[in-house]
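Please read the structure below before turning to the comments.
The values are calculated or read from the model by the stated rules, or taken from the named source; none is laboratory data. On a predicted model such as this, the values are computed, not experimentally measured, just so you know. Ideal geometry is used to build each Cβ from the backbone, glycine not excepted, and the neighbour counts take in all protein chains shown. These area figures cover heavy atoms from the full protein model, side chains too; ligands, DNA and RNA do not enter into them. Shrake-Rupley method; radii C 1.70, N 1.55, O 1.52, S 1.80 Å.
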Amino acid sequence: EPEVTQTPSHQVTQMGQEVILRCVPISNHLYFYWYRQILGQKVEFLVSFYNNEISEKSEIFDDQFSVERPDGSNFTLKIRSTKLEDSAMYFCASSDERAEAFFGQGTRLTVV
Amino acid sequence: GNSVTQMEGPVTLSEEAFLTINCTYTATGYPSLFWYVQYPGEGLQLLLKATKADDKGSNKGFEATYRKETTSFHLEKGSVQVSDSAVYFCALSDRTGGSYIPTFGRGTSLIVHP
């Protein structure tokens, strides 16, 4: 069964460092998303990506964040200068025209 | 804008009890509705969905019916098991701009005791 895969599963980084979180969406999907979940809290939308550009982004997705689809398969989230409050679980998702989003297992980011 | 409201948890039940988790939504368009489940330490798994009014989504004994008149999508299961212990998220997806943006409720934790 096709699935969304994310790497790494856990990333520890020092405050101020840059991190790149990687995702391989389901191959025939057209819409890609990043969400985050701070421990025990709600799942928050960050950004959606369609047709090689950002289609929507939330207030959380400020200049510190960027997304890229560098080739036909990967979808990355870059956090430029990490802060303690960026510690969270980051989920990648993808969907086709039916709007049903499939999520990866997540990357747990810990900023120390 | 779009939003989803779920009942607060945790919901604590004994095995074989009946489960209801309430969910209501607000949407500008005609959304699709979903329930996702998150088991401890894992990602979000789609549990069931409904794409139009009066549709009933079902999976693994769970059911939810898309009620447009009450803007609700309550999750039910007739007899819960310990293995159902997880966090359940109600979500909607509506076309906004160029893509669908799934919007989630805050999640409801379910704890089932033997």
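Values for this structure:
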| read-out | value |
| --- | --- |
| The range A:67-78, residues that are surrounded by 12 or more Cβ atoms within 10 Å (Cβ to Cβ) and without any contact (Cβ under 8 Å) to a residue 40 or more places away in the chain | A:67, A:68, A:69 |
| Unique match (being open to solvent by 10 Å² or more (accessible area, probe 1.4 Å) and closer than 28 Å to residue A:54 by Cβ) among B:25, B:36 | B:25 |
| Selection within the range B:54-109 - basic (Lys, Arg) and part of a strand (DSSP E or B) | B:56, B:67, B:77, B:95 |
| Matching residues, the range A:27-36, being out of contact with any Asp or Glu (no Cβ under 7 Å at 6 or more places or on another chain) and open to solvent by 20 Å² or more (accessible area, probe 1.4 Å) | A:27 |
| Extreme residue, surrounded by the most Cβ atoms within 10 Å (Cβ to Cβ), among residues of the range A:38-66 that are outside any strand (DSSP E or B) and in contact with a Lys or Arg (Cβ under 7 Å, 6 or more places away or on another chain) | A:42 |
| Extreme residue, surrounded by the most Cβ atoms within 10 Å (Cβ to Cβ), among residues of the range A:79-103 that are among the hydroxyl-bearing types (Ser, Thr, Tyr) and either touching a Cys at 6+ places or on another chain (Cβ under 9 Å) or more than 10 Å from chain B (Cβ to nearest Cβ) (or both) | A:94 |
| Enumeration of residues in the range A:67-103 that are closer than 23 Å to residue A:12 by Cβ, within 13 Å of the chain's Cα centre (by Cα) and charged (D, E, K, R) | A:68, A:78, A:86 |
| Subset of the range B:39-49 [touching an Asp or Glu at 6+ places or on another chain (Cβ under 8 Å), of a type outside the set (Lys, Arg) and open to solvent by 10 Å² or more (accessible area, probe 1.4 Å)] | B:46 |
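Conditions tested, residue by residue: (1) surrounded by 13 or more Cβ atoms within 10 Å (Cβ to Cβ); (2) at pLDDT below 95.
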residue: B:51; (1), (2): yes, yes
residue: B:64; (1), (2): yes, no
residue: B:70; (1), (2): no, no
residue: B:77; (1), (2): yes, no
residue: B:81; (1), (2): yes, no
residue: B:84; (1), (2): yes, no
